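Readers should treat all values here as calculations from the given coordinates under stated rules, not as data from a laboratory. Only a predicted model underlies this, so the values are computations on that prediction, with no experimental measurement involved. Cβ coordinates were reconstructed from backbone atoms using ideal geometry, including for glycine residues, and neighbour counts include every protein chain displayed.
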Amino acid sequence: MTAPVLSNMPHHVAIVMDGNGRWAGKRFLPRIAGHKQGVTALRRCVKACVSRGIGVLTVFAFSSENWNRPQEEVSGLMDLLARAVTSEVAELQQNGVRLHFVGDRQRLTAAMQTAFSHAEVRTASNSGLVLNVCINYGGRWDIAQSAQKVADSGQPITELALDRALALAHVPDPDLFIRTGGELRISNFLLWQAAYAELHFTDKLWPEFDEAALDEAIAVFRSRERRFGQTSAQLSVPSDTTAPASPGQPMKAV
């Protein structure tokens, strides 16, 4: 058996940041302490992605289903997210990170919406890593709102039209999809965009996810043969063209 063809470094990494509450529970701490440690892990991951030349990082911070959690936890997490945006934006700006908040903002407080918009405007001209933070986001919601936009515009509902109306239309589809915490599901995250992503599941809880864990996921990604519907024999033939990140869809510029 021949060795698989090594892929290039992933351009777009998506992460389900799972395990904050369990990390806190193992230490007999309140769940919000795990979420605070999760912010530290995200800061570490952003720096690691910048140093490795990754172009896009998309993280699942709060799903549309997370509203069903205990009200105390939801309120604490929302307050933590709002404060984190304010405190982290200066460092993100220094590192050339361009910040986007992705999801339905209507349920968020006016203060949070203002903080998010301010952070996006402040980092809009940066040309480094694109950081998408998904809050009150769900893959089904994304597809539904995209379809509604296309229908309202009067365009034919095609794959291309839907793709261009998605909440993440400003970046290419993810190459590498990571979920921490040991669960083996994607939990309504990037249902459309992850169609051809390489999936990597790790038992590490999100607060424990470090540079070594990221490098392990990247190494697994690079060992896989990405065929996009083709055969291994076809991939072995030299070509001047590069397979698109999502078959049948044009490459999207960051």
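Which of the trypsin sites (Lys or Arg not before Pro) found in the stretch 157-229 are in a DSSP loop and have at most 15 neighbouring Cβ atoms, other than their own, within 10 Å?
Filter output for the stretch 157-229: ARG185, ARG224, ARG227.
Calculate the spin-label point distance for ARG52 paired with GLN155, positioning each point 7 Å from the Cα along the beta-carbon direction, and give it in nanometres.
Going by the 7 Å Cα→Cβ label model, 3.3 nm.
Scan around THR58 for amide H atoms under 5 Å from its own, H built in the peptide plane at 1.01 Å from N, and keep only partners 5 or more places away or cross-chain.
Residues meeting the amide H criterion: VAL13, ALA14, ILE15, ASN132.
Given R₀ = 35 Å, what would the calculated FRET efficiency be for ALA212 paired with TRP67, taking r from the Cβ atoms and rounding to 0.05?
0.55
Got the relative contact order for the stretch 12-235 handy, in percent, Cα pairs under 8 Å and 6 or more residues apart?
Averaging sequence separation for qualifying contacts and normalising by length gives 28 percent for the stretch 12-235.
For the stretch 12-235, evaluate the Debye formula with one uniform point scatterer on each Cα (no solvent term) and list log10 I(q)/I(0) at q = 0.15, 0.17 Å⁻¹, rounded to two decimals.
-1.06, -1.36
Taking the Cα-to-Cβ direction at ARG105 and at ARG164 and moving 7 Å from each Cα, how far apart do the two end points lie in nm?
The answer from the label model is 2.3 nm.
Would you calculate a helix-derived [θ] at 222 nm for the chain, using -39,500 (n - 2.57) for each DSSP H run of n ≥ 4 and dividing by the full residue count, to the nearest 500?
Numbers: 8 runs with 105 residues, N = 254.
The helix-only estimate for the chain comes to -13000 deg cm²/dmol at 222 nm.
For PHE101, which sequence-distant residues (separation of 5 or more, or a different chain) have an amide H within less than 5 Å of its own amide H, given hydrogens modelled in the peptide plane?
Correct list: VAL133.
Can you pull out the GluC sites (Glu not before Pro) in the stretch 41-118 whose DSSP state is coil and whose Cβ has at most 14 other Cβ atoms within 10 Å?
Of the GluC sites (Glu not before Pro), the ones in loops of the stretch 41-118 whose Cβ has at most 14 other Cβ atoms within 10 Å are GLU65.
Mind listing the phi-derived Karplus ³J(HN,Hα) values for the stretch 114-126, rounded to whole Hz, using 6.51, -1.76 and 1.60 with θ = phi - 60°, and x for any glycine or proline?
5, 5, 5, 4, 4, 5, 5, 5, 5, 9, 4, 8, 5
In nm, to one decimal, how far is the LEU191 label point from the GLN148 one, both placed 7 Å along Cα→Cβ?
Taking the simple label geometry, LEU191 and GLN148 are separated by 1.5 nm.
Assuming a strict under-20 Å limit between Cα atoms, what lysine pair count do you get for the chain once near-sequence pairs (fewer than 8 apart, same chain) are dropped?
Value for the chain: 6.
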